[in-house]
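Engineer: Okay, here's the structure, questions in a sec.
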Amino acid sequence: MHLAIDGYDADREKLEDPEFVLRFLDEYPSAIGMTKIMPPHVLTYRGPQPEDWGISGFVIIAESHISVHTFPDRRYVNIDIFSCKEFDVEQALDVVKQRFSLELTKSWILERGLEHYTEEKARLTLGLERLSLARQNGS
């Protein structure tokens with residue numbers, strides 16, 4: 001499951017504070033039932049477009065990863081939560097909204113990484129798909 005969040009009208013002070021982003025990434029996994037397996041990594045980015053500067057960070061979790069990219073001049077934050085385990089999307093969104101003081105969010109859920117096959121199940125699934133294709137082709 002991959003939850004992508006765009007947050008607008010955020011608290012600018014939070015968006016430009018590397019320590020805030022670090023604390024968020026340190027505490028957020030447990031707040032949504034995930035398992036942090038390393039300390040978060042956070043850095044400040046300054047590129048060729050002055051308004052595109054911001055804080056970026058990520059934390060690896062046992063279930064996959066969480067990333068944050070802030071754009072203080074735009075009062076915008078981009079957050080991705082990728083997990084091979086299902087989680088409570090509404091709770092995850094509520095925590096993000098509250099912590100970043102967001103006025104508006106847009107979010108998308110991509111279903112990925114949730115289906116894992118054993119070797120036996122993969123062979124069976126492949127065999128059934130081949131049989132279905134053969135029937136469609138009149139073989």
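The values are calculated or read from the model by the stated rules, or taken from the named source; none is laboratory data. Fair warning: this is a prediction, and the values are worked out from it, not measured in the lab. Cβ coordinates were reconstructed from backbone atoms using ideal geometry, including for glycine residues, and neighbour counts include every protein chain displayed.
Engineer: I'd like to know if the stretch 39-51 contains one or more residues that are surrounded by 18 or more Cβ atoms within 10 Å (Cβ to Cβ), of a type outside the set (S, T, N, Q), at pLDDT 95 or above and out of contact with any Asp or Glu (no Cβ under 8 Å at 6 or more places or on another chain).
Structural biologist: Yes, there is a match, as at least one residue in the stretch 39-51 is surrounded by 18 or more Cβ atoms within 10 Å (Cβ to Cβ), of a type outside the set (S, T, N, Q), at pLDDT 95 or above and out of contact with any Asp or Glu (no Cβ under 8 Å at 6 or more places or on another chain).
Engineer: Pick from the stretch 12-52 the residues that are closer than 20 Å to Arg74 by Cβ and among the polar types (S, T, N, Q): which of them is farthest from the chain's Cα centre (by Cα)?
Structural biologist: Gln49
Engineer: For the stretch 7-15, check the following and say yes or no: at least one residue is among the aliphatic types (A, V, I, L, M), in a strand (DSSP E or B) and at pLDDT 95 or above.
Structural biologist: So far as the stretch 7-15 goes, no, none of its residues is among the aliphatic types (A, V, I, L, M), in a strand (DSSP E or B) and at pLDDT 95 or above.
Engineer: Residue check: is Glu119 over 16 Å from Arg23 (Cα atoms), at pLDDT below 95, touching a helix residue (DSSP H, G or I) at 6+ places or on another chain (Cβ under 6 Å) and exposed (fewer than 13 other Cβ atoms within 10 Å of the Cβ)?
Structural biologist: no
Engineer: On to the next question. Give me the pairs: first residue in the stretch 9-24 and of a type in the set (Gly, Ala, Ser), second residue part of a helix (DSSP H, G or I), beta-carbon distance under 8 Å, and six or more apart or on different chains, which are they?
Structural biologist: Listed by first residue and then by second, the contacts come to Ala10/Phe100.
Engineer: Here is a follow-up. Got a sec? Which of Ile60, Ile55, Ile66 is among the hydrophobic types (A, V, I, L, M, F, W, C), under 20 Å from Gly7 (Cβ atoms) and within 14 Å of the chain's Cα centre (by Cα)?
Structural biologist: Ile66
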